[in-house]
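Participant: Quick one: this structure, given as structure tokens, is what I'll be asking you about.
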Amino acid sequence: MNLHEHQAKTLFKSYSLPTSNFFVAEKYEQAKELARKLNVSKWVVKAQVHAGGRGKAGGVEIVDNLDDVEAFAKKWLGKNLITYQTDKEGQPVSSILIEECTEILSEFYLGVVVDRSSKSIVVMASPQGGVNIEEVAEKTPENIYKASVKIDQGPSKDDALSLAKGLNLNKNQTEQFIKIFKNLTKLFIEKDLALVEINPLVIDENQNLKCLDGKISVDSNALFRQEDMKSLRDTSQEELRELKASEWDLNYVSLDGEIGCMVNGAGLAMATMDIIEISGGFPANFLDVGGGVNQKSVAEAFKIILSDDNVKVILINIFGGIVKCDVVAEGIISAVKEVGVNIPIVVRLKGNNADVAQSMLTDSELNIVFDSDLSNAAEKAVELSR
Ligand code: GDP
Ligand code: MN
């Protein structure tokens, strides 16, 4: 679950991470008054969406009069912002961050992620901030410094020092960085975060460190014990079909191909997408309906897949291990009738009672092609998608 920049910065403040003073406007009529309350003569105004790359897309501006603060808010509130990180529709802007402008002397990158293989969290810092970090990782990986923090041991001063050295900080800034390092990892662990990015972390006009941007992603699996984080969810920023799927506990990710996929098990779902691509087609989605598939979840999955206009054919790939294939076949048949599916469906069922399932599907006289071989089924789906 992603947070907005202003929510991230509020958390930063509560963990003593240095940020600028700011207000959030949800109506453009509030913008001037909030900007005035900051008592400065220069502001940064920023559209709040769950995506980066706003600067280059016009979603961040530096302004030096109240009329321009208002004009920016009026321009963006209620509109969609399209950046290189959004889809072509962009993300809706329903709030604007109004912040005192900082004079920047240097820009750095600071990020924290979970590293499963070493059972630790990894803090990454780079003197090349303010730019696309993926590009730095690709072209000049030696400019990214890393330190891993064991969850049970907490952050060490030596790790903080080694990163501070990589950023070429002076003595005073190094002291500040040690605090940032400590508090950031504390925030990360206490709030069950999956990702934090501060891009840029800057040196300001007073030679002090400051977080000018904040991206936070909370581990959704931990939300049951993070009530205060849960309330920060903004579903208007989420893809509609993914949102619907999450209501039914379906694991769905929207993609841009033509073949809708319905699979049980995440690994099998990924393998299915690979085989579709090998056969020359493109999946419209990732969908894991889970081990306990039933008619209700199959019907909801159909509705979600069919609400994507790009879908020309549906490929169902179920392995009957926990669930029996004939139960799934029954679910498919009644769901197809209930939802009114009018595009071809290719079904591959394997496992418990697959033979019974096959005759049920063949006898159903619905627009269903059955093949127990996954490669053949994928090829048929690709053919039908054309
Ligand atoms: P992003 O493009 O979505 O990552 O949004 P950012 O919050 O990173 O803002 C984009 C860029 O605007 C930053 O990389 C900075 O260079 C610049 N910026 C943001 N805040 C300030 C500020 O207070 N002062 C100045 N001079 N530039 C800023
Ligand atoms: Mn940024």
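Participant: Name the residue, out of 105, 110, that is within 13 Å of ligand 2 (Cβ to nearest atom), within 17 Å of residue 212 (Cβ to Cβ) and not in a loop (DSSP other than H, G, I, E, B). Please lay out each step first, then the result.
Facilitator: Numbers: 105 fails: within 13 Å of ligand 2 (Cβ to nearest atom).
Answer to the selection: 110.
Participant: Which of the residues belonging to region 85-102 are among the polar types (S, T, N, Q) and within 16 Å of ligand 2 (Cβ to nearest atom)? Give the derivation first.
Facilitator: From region 85-102, those among the polar types (S, T, N, Q) are 85-86, 91, 94-95, 102; that's our starting set.
Hits for region 85-102 are 85, 86, 91, 102.
Participant: Just name the residue that is nearest to residue 130 (Cα to Cα) out of those in region 208-228 that are away from ligand 1 (no atom under 16 Å from the Cβ) and of a type in the set (S, T, N, Q).
Facilitator: Filtering region 208-228 down to residues away from ligand 1 (no atom under 16 Å from the Cβ) leaves 218-228.
Those left that are additionally of a type in the set (S, T, N, Q): 220-221, 226.
Details: 220: 28, 221: 30, 226: 31 Å.
Selected residue: 220.
Participant: Then there is this: Scanning region 181-227 for residues that are of a type in the set (S, T, N, Q) and within 16 Å of ligand 2 (Cβ to nearest atom), which turns out surrounded by the most Cβ atoms within 10 Å (Cβ to Cβ)?
Facilitator: Out of the qualifying residues, it is 199.
Participant: Sticking with this one: Being out of contact with any Gly (no Cβ under 6 Å at 6 or more places or on another chain), in a helix (DSSP H, G or I) and over 18 Å from residue 251 (Cβ atoms) narrows it down to one of 333, 343, 304, so name that one.
Facilitator: When all the criteria are applied, what remains is 333.
Participant: Same structure again: Would you check which residues across region 25-62 are surrounded by fewer than 20 Cβ atoms within 10 Å (Cβ to Cβ), away from ligand 2 (no atom under 16 Å from the Cβ) and under 26 Å from the mean Cα position of the chain (by Cα) and list them?
Facilitator: 26, the sole residue that qualifies.
Participant: Does any residue in region 92-107 that is of a type in the set (A, V, I, L, M) come within less than 9 Å, Cβ to Cβ, of a residue that is within 16 Å of ligand 2 (Cβ to nearest atom) and in a loop (DSSP other than H, G, I, E, B) six or more places away or on a different chain, and which pairs are these?
Facilitator: 93/48; 93/49; 93/59; 96/48; 97/4; 97/48; 104/130; 104/212
Participant: Same structure again: Could you check how many residues of region 8-18 are within 14 Å of ligand 1 (Cβ to nearest atom) and surrounded by 20 or more Cβ atoms within 10 Å (Cβ to Cβ)?
Facilitator: 3
Participant: Kindly list, by first and then second residue, each pair from a residue in region 44-60 that is more than 17 Å from residue 130 (Cβ to Cβ) and more than 8 Å from ligand 1 (Cβ to nearest atom) to a residue that is of a type in the set (S, T, N, Q) and assigned to a loop (DSSP other than H, G, I, E, B), limited to pairs with Cβ atoms under 7 Å and residues at least 6 apart or on different chains.
Facilitator: 48/95
The numbers here are math on the coordinates, done by the rules we state, and not lab data. Just so we're clear, the structure is a prediction, and the values are computed from it rather than from any experiment. Neighbour counts are summed over all protein chains in view; Cβ atoms, including those assigned to glycine, are modelled from backbone coordinates with ideal geometry.
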